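The values are calculated or read from the model by the stated rules, or taken from the named source; none is laboratory data. Note that the structure is a prediction, hence the values are computed from the model and not measured. Positions of Cβ are backbone-derived with ideal geometry, glycine not excepted, and every protein chain shown enters the neighbour counts. Each accessible area value is taken on the protein alone, full model and side chains, heavy atoms only, with ligands, DNA and RNA left out. Shrake-Rupley method; radii C 1.70, N 1.55, O 1.52, S 1.80 Å.
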Amino acid sequence: MTTNDAETILEGLDDAQRAAATALEGPVRIVAGAGAGKTRTVTRRIAYACAKGKWRANRILAVTFSVKAADEMKQRLTKLGVGDEVTAATFHSVALQQLRTVWYDISEAPLPHVVDDPQEIVARALKRATNTDQYDGIARRNVLAEINWAKVSLIAPGDYVRVCAATHRIPPAELDPQAFSEVYLAYEQEKTARGEMDFNDILLLDCHVLEAFDEQAAQIRQSIGWLTVDEYQDVSPLQHRLMQLWLGENRNVCVVGDPAQTIYSFAGASSYDLLHFSDEFGRLTADVNLNTDYRSVPQVVSAANQLLSAAPDRDQYLRLVSARDKSAGMRVVKTAFEDDEQEAMGVAKRIAQFVAGGAKPSECAVLTRLNVQQQVVCKALKELAIPYQTRRDMGSEGLVLQDENASRREALEILANRKEHGVTISSVHASKGLEFKHVFIIGCSEGLLPYGSPAPGEALEEERRLFYVAVTRAEDSLHLSYARSKDAGSAFARLPSRFW
């Protein structure tokens, strides 16, 4: 490929994007605000490096946090001519492939298989450690979440009690720290006895191989010449450790993230590594801020900036600038309803107006803080014969058709092409990375958003960042609403969110 061909890859990038895309060696940090074209920048950077002959495509690794994001990156790289050789995948997918490659060189036993239902193992562990089976599904789910948090935080069962004492952490399911430590240990023993591993074990095992087996570690590192890590603000201590081990002495690493979109602190994620990237990797080849929002109209961008301006750590956050014409959007709409049903129907009717005006249902989204808020919205949309799909925090998806008698085949076809069908009803967490022309954020009341009405501190700031993610999903219009009460018989009056 000629130099002129390489230069065409950079066409259409703004100055900041171009600066990031042409920094090809050494550590690079890209802080990319919502709608700032980070995937475009990263994929052009990879393609440009290959076109210039600086990188070998088969030694490029780009990791992200979801299969959807990895697939999008792969598709873009394919269009740029390098997708067949570049590895674009999730942390877990990459680590599992590495384990499969080297496992039988280091062990005569089969590679543990990934467990189908970790909650079943939790149930066995609880009974084994506490000698009772009194724990319900909610308790088992909370115990599993705590085990996952401990593992991604690199806290072993024997260290859990000490960590709780130091941080005043309270275990779930009314277990004291020692009892939870015993449940955690029993969970590990149950898996090992059955030759099983959970998703976090995939990363832990890969770390172990890289730390304990020099020949296999060298083989893995040799396959990674240039590393890109997307959504770096959400990296956990475990993922960060794996990244360090992948690199070894290699410093050809690019991290991309946005501190304002750190919304998984409860699961062990932290923006610390993004903010202190230069402390770890030394002098950066490039440190680029992408703050031009190509997604949202100025009205939405202004609301997002105003939200972050009240944060105590606002200096860590980018101030977005919209690249779109203000006349393309409308003012942010704020509406108070009497109860949840009225709110849901009011939102459904507004969506119906958009659809009557030519919008596709799939261009609209209703965002909720909790999964349980979605049911009343589904009911309202169903009454108006508007198709919808749901996205929940646990990753489950549903589909409702206007014709309830539609065949299974028709349902599967619509699900497979769901981008063309239906309003998306999603938790805010599950909406990250998505965008819609018209976004409705419901339940904007104290107790719901921010959830639990937290006092000033990190819990409140996590909720603020979550609201920011919700706001910045909107392209053309943003609608905020809350209900003054749950239903007509409720004696409890809700107040508008402090983010309102």
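For mean projected area of the Cα convex hull in nm², several values are listed as (i) 26.3; (ii) 24.6; (iii) 21.5; flag the one computed from this structure.
(i)
In segment 116-197, what percent of the accessible surface is made up of carbon and sulfur (1.4 Å probe, ligands and nucleic acids excluded)?
Within segment 116-197, the accessible surface is 48 percent carbon and sulfur.
What number, rounded to the nearest 500 deg cm²/dmol, is the helix-based mean residue ellipticity at 222 nm of the chain, given -39500 (n - 2.57) per DSSP H run of at least four residues and division by all its residues?
Numbers: 20 runs with 220 residues, N = 500.
Calculated from helices alone, the mean residue ellipticity at 222 nm is -13500 deg cm²/dmol.
Using a Förster distance of 22 angstrom, determine the FRET efficiency expected from the C-beta separation of Ser453 and Ala267, and round it to 0.05.
Result of the calculation: an efficiency of 0.50.
Quick check: pseudo-label points 7 Å beyond the Cα along Cα→Cβ at Gln178 and Trp500, how many nm apart are they?
Roughly 4.9 nm, to one decimal.
Take the solvent-accessible surface of the protein heavy atoms, probe 1.4 Å, and return the percent of it on segment 1-112 that carbon and sulfur atoms account for.
Accessible surface attributable to carbon and sulfur in segment 1-112 totals 47 percent.
Report the calculated FRET efficiency for Lys486 and Thr335 (r = Cβ-Cβ distance, R0 = 22 Å), to the nearest 0.05. If you can, show how the numbers build up before the last one.
Working: r = 17 Å, r/R0 = 0.77.
It comes to 0.85.
How much area per residue is accessible in the chain when the probe is 1.4 Å and only protein heavy atoms are counted (Å²)?
Per residue, the chain has an accessible area of 47 Å².
Output the relative contact order of segment 116-197, whole-number percent, from Cα pairs under 8 angstrom with separation of 6+ residues.
39
Just the number, please: carbon plus sulfur as a percent of the accessible area of segment 294-343, 1.4 Å probe, no ligands or DNA/RNA counted.
The computed percentage sits at 45.
For segment 210-253, what's the relative contact order in percent, using C-alpha pairs closer than 8 Å and at least 6 residues apart?
Values: 22 pairs, mean separation 23.1, N = 44.
This gives 52 percent for segment 210-253.
Along the positive direction of the dipole of segment 225-362 (beta-carbon charges: Lys, Arg +1; Asp, Glu -1; about the Cα centre), which of Ala269, Cys254, Ser302 reaches farthest?
Farthest towards the positive pole: Ser302.
Once fully extended, how much extra length lies between Leu370 and Asp136, figured as 0.36 nm per residue of separation less the alpha-carbon to alpha-carbon distance?
Net length gain for the segment: 82.2 nm.
Normalising by the residue count of the chain, find the relative contact order in percent from Cα pairs under 8 Å and 6+ residues apart.
Averaging sequence separation for qualifying contacts and normalising by length gives 16 percent for the chain.
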